[in-house]
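Undergrad: There's a structure below that I have some questions on.
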Amino acid sequence: MTFRHLVFGALIALAPCGAAAARDFTSTIDESAAIARIRPEFRTPDEPNQLFYVQRSPNSNTVIYAARLDAAGAINRGDPVEAFWRKFNIDGSRQPLNFIERMMAYGVKAVRTDANLPVTFSIAALPERRITLTLDAAKRPQALMQIGPHTVKLAYVYLQVVEGGLMPDVPSLDIFGTDIASGKAVHEHLVRK
């Protein structure tokens, strides 16, 4: 089943060096039995408390988003999510995001951390896409996002990046996850208009 809808407002395109530009995208949403791997030759990260990750077309370096939990296993409401690089294209080392990457592209912007409400956050380059951080039935952290009519547990995002010039360009991106009600894989493909 495929749903088409226009993403309202501006969508800020993620770029590898923190470049961001307001763009309108057209969205196509499909369901399938399993989450597709756009680049199966890229390593799939498996970090403690991993929520989801971002891969980009130029190389296998990956931005990973992980929940911060306290000693009792509850979400750290003061600083609930961390984002960092895994430099798989080099040596697999863990590297922090630089200032521009944090502020303009991959950084986490916590929206709500009140004790009686779910933690919600967004990514710097996608401020209108709210992500809810919860613990599943097994007390593992998960990131939930609304994709069309689906509430999805995020798995990964893939960015098609065109490098060159002063700022890299992101003509399309793909968001992958699992519908928490049906268990089906959900894929949103966004293409710049």
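The values are calculated or read from the model by the stated rules, or taken from the named source; none is laboratory data. Predicted model, so just to flag it, every value in this text is computed and none were measured. Cβ: placed from backbone, ideal geometry, glycine included. Neighbour counts: every protein chain shown.
Undergrad: Within the stretch 43-58, track down each residue that is of a type outside the set (S, T, N, Q) and surrounded by 20 or more Cβ atoms within 10 Å (Cβ to Cβ).
TA: Answer for the stretch 43-58, where residues must be of a type outside the set (S, T, N, Q) and surrounded by 20 or more Cβ atoms within 10 Å (Cβ to Cβ): Leu51, Phe52, Tyr53, Val54, Arg56.
Undergrad: Which residue out of Glu101, Glu128 is within 16 Å of the chain's Cα centre (by Cα), outside any strand (DSSP E or B) and either closer than 29 Å to Asp79 by Cα or in contact (Cβ under 8 Å) with a residue 40 or more places away in the chain (or both)?
TA: Just a single option satisfies the conditions, and that option is Glu101.
Undergrad: Here is a follow-up. Looking at Tyr158, Tyr106, which one is aromatic (Phe, Trp, Tyr), within 16 Å of Glu188 (Cβ to Cβ) and surrounded by 13 or more Cβ atoms within 10 Å (Cβ to Cβ)?
TA: It is Tyr158.
Undergrad: Related question: How many residues does the stretch 131-179 contain that are among the small types (Gly, Ala, Ser) and either in contact with a strand residue (DSSP E or B) (Cβ under 8 Å, 6 or more places away or on another chain) or under 24 Å from Arg39 (Cα atoms) (or both)?
TA: The total comes to 6.
Undergrad: Related question: Which ones in the stretch 136-152 are out of contact with any Phe, Trp or Tyr (no Cβ under 6 Å at 6 or more places or on another chain), surrounded by 15 or more Cβ atoms within 10 Å (Cβ to Cβ), under 22 Å from Asn76 (Cβ atoms) and among the hydrophobic types (A, V, I, L, M, F, W, C)?
TA: Answer for the stretch 136-152, where residues must be out of contact with any Phe, Trp or Tyr (no Cβ under 6 Å at 6 or more places or on another chain), surrounded by 15 or more Cβ atoms within 10 Å (Cβ to Cβ), under 22 Å from Asn76 (Cβ atoms) and among the hydrophobic types (A, V, I, L, M, F, W, C): Leu144, Met145.
Undergrad: Quick one: in the stretch 109-125, which of the residues that are more than 14 Å from the chain's Cα centre (by Cα), in a loop (DSSP other than H, G, I, E, B) and hydrophobic (A, V, I, L, M, F, W, C) is surrounded by the fewest Cβ atoms within 10 Å (Cβ to Cβ)?
TA: Ala115
Undergrad: Here is a follow-up. Under the condition of being of a type outside the set (Asp, Glu) and modelled with pLDDT of 95 or more, which residue from the stretch 74-88 is surrounded by the most Cβ atoms within 10 Å (Cβ to Cβ)?
TA: By that ranking, first place goes to Val81.
Undergrad: Working only within the stretch 61-98, note down all residues that are aliphatic (A, V, I, L, M) and in a loop (DSSP other than H, G, I, E, B).
TA: Hits for the stretch 61-98 are Ala71, Ala72, Ala74, Ile90, Leu97.
Undergrad: Whether any residue in the stretch 168-185 is in contact with a His (Cβ under 7 Å, 6 or more places away or on another chain), among the aromatic types (Phe, Trp, Tyr) and modelled with pLDDT of 95 or more is what I want to check.
TA: Checked the stretch 168-185: at least one residue is in contact with a His (Cβ under 7 Å, 6 or more places away or on another chain), among the aromatic types (Phe, Trp, Tyr) and modelled with pLDDT of 95 or more.
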